[in-house]
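Notes follow the structure.
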Amino acid sequence: MTQQKSQSAVPANSNAILVINCGSSSVKFSLIKPQSGETLLSGLAECLLSNDAIITIKQGGNKKSYKLAAPFDHQSALAVLVAQLQQLHLVKDICAIGHRVVHGGETYSQPTLITEQVAQTIAQLAKLAPLHNPANLIGIKACQQAFKKLPQVAVFDTAFHQSMPEKAFIYGLPYSLYQEHDIRRYGFHGTSHYFVAKQAAKLLNKPLAQCNLISAHLGNGCSVTVIKHGKSVDTSMGMTPGEGVMMGTRCGDLDAGIIFHLVENLGYSINDVDKLVNKESGLLGVSGLSNDCRTLENAMLYENNSQAKLALTVFCYRIAKSIASYSASLTQLDGLIFTGGIGENSTWVRAEIVKQLGLLNFYLDADKNQTTRFGASGNIATKDSRPCWVIATNEEWVIAEQSAQLLTNLAQ
Ligand code: ADP
């Protein structure tokens, strides 16, 4: 993809990137220094398009919330953000806007300067991510309005996985569906897997290109990625984020025959099935209680709730199986990484997963597992085990870093 040079000049003395992650009813934002990762300001606008629309902005130790005015949309949220940035004299520091864009298809394997043509391609790729790409585009358009002079960069969640070989991304379906309709595995959470892999390389004290790793991003959405010589060679999510391990409300891998059974014999519509597998399954569906790992752990440990225990047990077994399956992709393995809200914090989930990975020579140190949480990072394995790190993810920093790097390259 050729990049346009003209829009990319970085204003002198400006040194921060405004990172935007726009959902259908929310905008997450952070103003980040790309080199150090220092966050100057961050926040979240939520409940957009409703009367409850609210924006919360954190700066230093301060946190303030503002109710949004009509029409309660993304533009209203950005208007408040811009006013705050002006009041705090931070606007002059911003050299570009970096957008998280969920689906880049096969077109984008690198951060990309957003031109009219790029925006159109992101819109076309909405056929592969109907919930996410249109929301990302709303954020792009709103930022183009709010920050008319600044370059806008798209960083794609699928990009890191574009290095997957054909054997990993082709479905066992007629090949023509890939050729004619782009039906293949793409993978997601790429920015997070890339960030934690880079951090693991630092801990191993060798270049990322020499590292072989398995990374488990466990949050509300969950995915496992295998990284060979620094590149993603397989990942558990597929054409959509629904494939792979079980998640908060998604079922993950599913026998397609169940869908026919639901539709033909149990009266489900396609919309019902969509809602079932994406919003009502996973930890929530099995437990019947919650999609939230903390709630389930408390119910299991302190209330003896057997459904909560079953949900967490199935969740962990499926993740352990996914990790173990990646021994087919590697001949060497430097270590395993846990990240995401669950991976970074849940002692129980990490222990339950790793106890099923003895054949890969992973064993946890119970004390280190207990103490490495709430933002702490480090190796939680025993001395005899392969390393097993907890690493806090920071997708915003990657987006800031890659946006700044692209603009520097374009200016040269
Ligand atoms: P998202 O995918 O929406 O970014 P997060 O990465 O924030 O989600 O992860 C949310 C999950 O992390 C929830 O299931 C939550 O219960 C879990 N989590 C957060 N803190 C803890 C904790 N202390 N113990 C166990 N699970 C936790």
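Volume of the convex hull of the chain (Cα atoms only), normalised per residue: 165 Å³. Quarter the surface of the alpha carbon convex hull of segment 252-408 and you get the mean projected area, 13.3 square nanometres. For the Cα atoms of the chain, what angle does the longest principal axis make with the long axis of helix 293-303, in degrees from 0 to 90, nearest 10? Once rounded, the angle reads 40 degrees.
Over the residues of segment 99-195, compute the C-alpha Rg and express it relative to 2.2 N^0.38 Å. All intermediate terms of the calculation are to be shown ahead of the outcome.
Values: Rg = 14.2 Å, N = 97, 2.2 N^0.38 = 12.5 Å.
The reported ratio for this selection is 1.13.
Annotation: lysines with alpha-carbon distance below 17 angstrom to Lys368 (same-chain offsets under eight excluded): Lys355, Lys383.
Could you work out how much longer the chain between Gln35 and Lys355 gets when fully extended? Use 0.36 nm per residue separation minus the Cα distance between them, nm to one decimal.
111.4 nm
Relative contact order for the chain using alpha-carbon pairs under 8 Å, separation at least 6, rounded to a whole percent? Please report the intermediate quantities before stating the final value.
Working: 844 pairs, mean separation 62.1, N = 412.
15 percent.
Given a Förster distance of 30 angstrom, what is the FRET efficiency for Lys67 paired with Gln145, based on the Cβ-Cβ distance and rounded to 0.05? Could the numbers behind the result be given before it?
On the way: r = 21 Å, r/R0 = 0.71.
Between Lys67 and Gln145 the formula returns 0.90.
Helical runs (DSSP H, four residues minimum) scored at -39500 (n - 2.57) apiece and divided by the length of the chain put the mean residue ellipticity at 222 nm at -11500 deg cm²/dmol. Relative contact order for segment 44-168: 26 percent, from Cα pairs under 8 Å spaced at least 6 residues apart, divided by residue count. Straight-line reach from Lys63: taking Cα to Cα under 29 Å and skipping same-chain neighbours fewer than 8 places apart, the lysines in range are Lys28, Lys33, Lys92, Lys141, Lys148, Lys149.
Rounded to the nearest 20 debye, the dipole magnitude of the chain is 1000 debye, with +1 charges on Lys and Arg beta carbons, -1 on Asp and Glu beta carbons, and the Cα centre as origin.
Of the chymotrypsin sites (Phe, Trp or Tyr not before Pro) found in segment 316-412, those in coil by DSSP whose Cβ has at most 14 other Cβ atoms within 10 Å are Phe374. The C-alpha atoms of the chain define a longest principal axis, and helix 133-146 lies at about 20 degrees to it.
Go through 200-208, 351-359 and give me the packing order, highest mean Cβ count within 10 Å leading. Walk me through the numbers before you get to the answer.
Working: 200-208: 15.2, 351-359: 16.8.
Those peptides, ordered most packed to least, come out 351-359, 200-208.
When the chain is treated as a Gaussian network with alpha carbon springs shorter than 10 Å, the biggest mean-square fluctuation among His74, His89, His189 belongs to His89.
Tell me, in nm to one decimal, what length is gained between Ala123 and Lys92 on full extension, where the rule is 0.36 nm per residue of separation less the Cα-Cα distance? Display every interim value, and only then the final one.
Numbers: separation 31, 0.36 × 31 = 11.16 nm, distance 3.06 nm.
Taking Ala123 through Lys92 to full extension adds about 8.1 nm, to one decimal.
If you average the sequence gap of Cα pairs under 8 Å that are 6 or more apart and divide by the length of segment 320-386, what percent do you get for the contact order? List each step's numbers first, then the result.
On the way: 64 pairs, mean separation 21.0, N = 67.
Across segment 320-386, relative contact order equals 31 percent.
Here is the P(r) of segment 1-153: all C-alpha pair distances, binned every 5 Å from 0, give 2, 9, 19, 22, 20, 15, 9, 3, 0 in whole percents.
If R0 is 30 Å, the Cβ-Cβ spacing of Asp274 and Lys167 corresponds to a FRET efficiency of close to 0.55.
Just so you know, all these numbers are worked out from the coordinates, no wet-lab data involved. Please read all numbers here as calculations on a predicted model, not as lab measurements. So basically every Cβ, Gly included, is an ideal-geometry build from the backbone, and we count neighbours across all protein chains shown.
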